[in-house]
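Please read the structure below before turning to the comments.
Derivation of every value follows stated rules applied to the coordinates shown; laboratory data play no part. No experiment lies behind these values; they were computed from the predicted model shown. When we count neighbours, we look across all protein chains shown, and the Cβ atoms used for this are built from the backbone with ideal geometry, even at glycine.
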Amino acid sequence: MDYALQQLLNALAFGAEYSLVALGLAVVFSIMGLVNFAHGEIIGVSAYSVFLAAALGLTSPIVAVLLAIAAAALAAIAFERVAFRPVRYAPTTTGLLTAFGVSIVVQNLFMLLISPKPQSVSILNGLNQMWFFGPFAVSSLQVMELIVSGLTILALVLFLNRSTLGLAIRAASRDFATVRLMGIRANRVIATAFAVSGALAGIAAVFIMARRGSVSPDLGFSLVLKAFVACVIGGFGSLPGAAVGGMLLGFIEVGLLVVLPQEYGGFKDALTYVIIVALLVYRPEGLLGQRVELGDKEI
Amino acid sequence: MLKVENLGVRYGAVAAVRDLSLSVGQGELVALLGPNGAGKSSTINALTGLVAPSAGRIVLDGQDISRVRTEDRIRAGLTSTPEGRRIFANLTVGENLRLGAATRRDPKGVRQDMERFLALFPVLSERYAQAAGTLSGGEQQMLAIARSLMSRPKLLLLDEPSLGLAPKIVVRIFDFIGQLKAEGLTLLVVEQNARQALRFADRVYVMSSGVLRFDGPPSGLADEHGLLNLYIGG
Ligand SMILES: Nc1ncnc2c1ncn2[C@@H]1O[C@H](COP(=O)(O)OP(=O)(O)O)[C@@H](O)[C@H]1O
Ligand SMILES: [Mg+2]
């Protein structure tokens, strides 16, 4: 029972983290058609900001959390302004290559300016404790990951459905030119989408630092690959799809670890992808994706 | 109100609009007619700034807006209801109208306008919270025009409001356009359906192959009956 509960919590926590990062990718992709592989480096900038602030004497974990989120949002806005805006109207592959370029440049900056080796960050370690509920021991970090991700997704849904800029982001995911005809500035819509995407990455960065207790230049890279897979599972560009895809990926990974005999544990990733490929054969557009609708409906 | 001088639009090697000059006076309804591919939409999109003109000047209320961004032209009181309606299918009817008013800072006036259009088009009121993509073509056109009007434009450009709609609905749409004119709105209406467009037009331009072929009163177009047959067919 304890074991089952623990594994369930594992799956939910991993899934929540994948969902957050996948949502960040999906928000930007849905309006720009850009797969932002530099999303991992936004997580990196966030983590290194906390590392530097701690090195300079910051001790408050709450301030560190706020700093992580703010730094990530600003980094996302800066990446868009400097790197993606000049190629906004270029073909999709140009955007993709630009994103890879940004990713490599920023990772190298971390190595050159700080260190190629992992650096210890202990300011957020307090988030990672054991909580005891009667006979059960659970990780406080996992519980928080689950709750915070849930609240964040709720806030995102409210933002996208209630605020004018949120509506504009949803509208722009189908028809950017007409959003501009409403007098809504394209640059503002895009900057907002990047800021939202960055803030989601910043929350993920907090959890990663709290779990690992260290930062390294490739901190976010593998997570973004996972998030990319989550987006594909859910249907690329679909926000509900990204959230569901992330959760499902968490469950597939943890589920495989549970059912696979110990000596086959190394096959986990391979089997994960087998399951995903099977899923995509069955639904090529992803779970919640739609075949792109061109033009609107006639009578 | 609007003066276009020697406008040119190119898509690479294709010259879609050549040396086009036209004007729309305060309170006028001007029709711009022409067959498919004449360059009508290219003209409209150059006026809103969605495509960059290759030549010419666009002057709105004495201000040269040729280099002004689309978003700022809307703020200056110009807007268009694009060809094919382009309603936001994944948003509700209400959300579409709200986005139409995105540039406004008078919540009370916005609410009044919203109520007015919902009373005018009861379907929009019934379907207020439904995805706009579920509306019929005619209902979508009404929503698209109402959405444009939510920004309280001085000048409304309509690109083929009759496109793909049943004749009865087209008549209703143009009744509404006539009503807007009576209320004092200035309109430039692009159409292939000459009969409907001419019902309320003060002046007419006809273009084909990117070039202006006629400029005058609707009666002049009727006199030179050949023009209608030649360029429009109807
Ligand atoms: N985005 C585009 N790229 C290339 N050619 C275009 C584009 N849009 C329109 N054209 C061409 O420009 C010409 C005028 O098109 P358009 O302005 O849409 O005419 P109309 O609205 O009168 O039917 C046509 O020959 C059309 O093929
Ligand atoms: Mg056209």
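Under the simplified labelling scheme, the A:Leu271-A:Asn161 pair shows an inter-label distance of 3.8 nm, with each label point 7 Å from Cα along Cα→Cβ.
Ordered by the count of other Cβ atoms within 10 Å of each Cβ, fewest first, B:Met114, A:Met209 give B:Met114, A:Met209. Antiparallel versus total DSSP beta bridges in chain B: what percent is that, nearest 5? Antiparallel bridges make up about 55 percent of those DSSP assigns within chain B. For the options A:Ala73, A:Ala55, A:Ala193, a Gaussian network treatment of chain A with springs between C-alpha atoms closer than 10 Å singles out A:Ala55 as fluctuating the most. What's the Cα-based Rg to Rh of the range B:76-131, Rh via Kirkwood? On the Cα set of the range B:76-131, Rg over Rh gives 0.96.
Hey, could you get me the Stokes-Einstein D for the protein assembly as shown, Kirkwood radius over alpha-carbon pairs, 4 °C and 1.567 mPa s, rounded to whole µm² s⁻¹?
Details: Rh = 25.9 Å.
Estimated diffusion coefficient is 50 µm²/s.
Summing Cβ point charges (Lys, Arg +1; Asp, Glu -1) relative to the Cα centre of chain B gives a dipole of roughly 520 debye.
Exposure proxy shown here: for A:Ser173, A:Ser216, the number of other Cβ atoms within 10 Å sets the order, fewest to most, as A:Ser216, A:Ser173. For chain A, a Gaussian network of Cα nodes joined below 10 Å ranks A:Pro217, A:Pro86, A:Pro240 by mean-square fluctuation, and the top entry is A:Pro86.
Shielding by partners for peptide B:83-92, expressed as the average number of C-beta atoms from other protein chains within 10 Å of each residue's C-beta, is 6. Per-residue ellipticity at 222 nm, computed for the protein assembly as shown from helices alone with -39500 (n - 2.57) per DSSP H run of at least four residues, works out to -17500 deg cm²/dmol. Most simply put, the protein assembly as shown has about 60% antiparallel DSSP beta bridges, counting only bridges with both residues inside it. Going from the fewest other Cβ atoms within 10 Å to the most, the residues B:Lys168, B:Lys40 appear in the order B:Lys168, B:Lys40.
The calculated FRET efficiency for the pair A:Arg81 and B:Arg195, based on their C-beta separation and a Förster distance of 51 Å, comes to about 0.50.
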